[in-house]
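S.K.: Got a structure for you, questions after.
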């Protein structure tokens, strides 16, 4: 008996030593992109409404648009909306029929429903719900945007993409905890990884990770390259095609650039005009010039005190060997000419910030961030031209606009302040004021290779 105990102790000791030496990879093993085991229909559609998300109209004060999913048994369901009250009896709601579109996925046939709700009062809390098959969703609360001149808090997320439920959930919850007054959430593209035969599972996990956010505020996403897929891959007919989920998952304004109406758009929200571009279409489908001309017109027509542009691929890439030449050639001059305040970007799975091409000019400020698990490495050029920068760090951003002041904060997944600055309007133009108090130390990747052995990544 004593010999068996000794042998057991030696075995445990050997395992511990192997773990310390890197022989046991239990803590660094790469988990699957989704939590859904093979052949499990975790996100199959049903008669109960799910994947419910509110998006902005062109005028954020006058209404919102809603999208949701059911199984294929439901067509033209109803949305009910009423001014929220303290009593369970909120009165007779307004009823609107949705338009339904069919969708076939690996989880079965579904119907996606869209409805546009306009004619609402500004700065008013509305209760609304959506219909399924003899069922209804919960009543959700969303407040319309106030008229210009009122303070605004919004959130900005870089790529979520991988392991959404496992590792993006905590970022979204921390963001909502730090900004409970946020009215608007911007996503800079690559919401999912896609193209792996589990697209619907990935979209299901994105919505699960988002939790209450898509119904408690309006969501405005940019399409990333992973919202596209390669049709006829590795053949002479190969081409980049927008995935089937994107046009159905959100009900976005239809005011985009010619030929890119489904993935470019703009809207006004309080004191901000937000313009969303499709970088993948610009780079791979020849629409860079058309989007640049459209952007020029949209910015020229803006009367908003603050102008924000969101695009997936960065103007100045912080990752090695990425140039995005067509964006720099056609779109960048428009951003610089109009002195856009913030350019919100993703794609490169690191953090980096820099100013524009004109020395001493506060705007534009170019931001690249990442919310999800996939983490790349910074280029040498990025370390020389951007500050601050970060690797191996999940982040969210809180933007607060109040009159002549815009405050920007980048926070880690645990809520710690990583970057902060203010843009302040004055008689001498816009001034950039760095906020250093409370920032944590710069973060770099401490491992030579990713868990899968890749030297260009820190985490998978």
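Here, each number is a calculation from the coordinates, and none is a lab measurement. A quick note: this is a predicted structure, and the numbers were derived from the prediction, not measured. Cβ atoms come from the backbone with ideal geometry, glycine included; neighbour counts cover every protein chain shown.
S.K.: If you take the beta carbon distance between residue 441 and residue 240 as r and set R0 to 41 Å, what does 1/(1 + (r/R0)^6) give as a FRET efficiency, to the nearest 0.05?
M.R.: Working from the Cβ atoms, E equals 0.55.
S.K.: Same structure again: Can you compute the helix-only [θ] at 222 nm over the chain? Use -39500 (n - 2.57) per DSSP H run of at least 4 residues, normalise by all residues, nearest 500 deg cm²/dmol. Walk me through the intermediate numbers first.
M.R.: Numbers: 9 runs with 80 residues, N = 460.
Counting only the DSSP helices, I get -5000 deg cm²/dmol.
S.K.: Run the quick spin-label model on residue 31 and residue 76: label points 7 Å from Cα toward the beta carbon, then report their separation in nm to one decimal.
M.R.: Going from the residue 31 label point to the residue 76 one covers 4.4 nm.
S.K.: Based on the alpha-carbon gyration tensor of segment 141-268 and its eigenvalue square roots a ≥ b ≥ c, which shape applies: rounded if a/c is under 1.5, prolate if not and a/b is larger than b/c, or oblate? List each step's numbers first, then the result.
M.R.: Working: a/c = 2.78, a/b = 1.46, b/c = 1.90.
Since a/c reaches 1.5 but b/c is at least a/b, the shape of segment 141-268 is classed as oblate.
S.K.: Separate question: Could you give the length gained on full extension between residue 181 and residue 303, defined as 0.36 nm per residue of separation minus the Cα-Cα distance, in nm?
M.R.: On the way: separation 122, 0.36 × 122 = 43.92 nm, distance 2.46 nm.
That works out to 41.5 nm of additional length.
S.K.: Just to verify a number: FRET efficiency for residue 124 and residue 212, C-beta to C-beta distance, R0 = 25 Å, to 0.05? Could the numbers behind the result be given before it?
M.R.: Working: r = 19 Å, r/R0 = 0.77.
Plugging the Cβ-Cβ distance into 1/(1 + (r/R0)^6) gives 0.80.
S.K.: Let me ask something additional. When a footprinting reagent is the concern and you count Cβ atoms within 10 Å, what order do 386, 90, 176 take, fewest first?
M.R.: Details: 386 22, 90 15, 176 19.
The most exposed by this proxy come first: 90, 176, 386.
S.K.: So how far apart, in nm, are the two label points at residue 89 and residue 284 if each is 7 Å from Cα heading toward Cβ?
M.R.: 5.6 nm
S.K.: May I pose another question? Which order do the peptides 249-262, 317-330, 215-228 come out in when sorted by mean C-beta neighbours inside 10 angstrom, highest first?
M.R.: 215-228, 249-262, 317-330
S.K.: Same structure again: Calculate the all-directions average of the projected area of segment 50-143's alpha-carbon convex hull, and give it in nm². Present the calculation step by step, with values, prior to reporting the outcome.
M.R.: Working: hull surface 24.9 nm².
About 6.2 nm², averaged over all directions.
S.K.: Order these peptides, 56-65, 145-154, by their mean beta-carbon neighbour count within 10 angstrom, highest first. Provide the component values of the computation, followed by the final result.
M.R.: On the way: 56-65: 20.6, 145-154: 17.6.
Highest mean packing first, the order is 56-65, 145-154.
S.K.: I would also like to ask the following. Among 119-128, 200-209, how do they line up from the highest to the lowest mean number of other beta-carbon atoms within 10 Å?
M.R.: Values: 119-128: 15.9, 200-209: 23.5.
Output ranking for 119-128, 200-209: 200-209, 119-128.
S.K.: For the chain, take every pair of Cα atoms, bin their distances at 20 Å starting from 0, and report each bin as a whole percent.
M.R.: 24, 56, 18, 3, 0
S.K.: Based on the alpha-carbon set only, what is the convex hull volume of segment 136-213 divided per residue, in Å³? If you can, show how the numbers build up before the last one.
M.R.: On the way: hull volume 9.1 nm³, N = 78.
Dividing the Cα hull volume of segment 136-213 by its residue count gives 117 Å³.
S.K.: Which FRET efficiency value, to the nearest 0.05, is calculated for residue 138 and residue 359 with the Förster distance at 41 angstrom and r the Cβ-Cβ distance?
M.R.: Efficiency at R0 = 41 Å is approximately 0.20.
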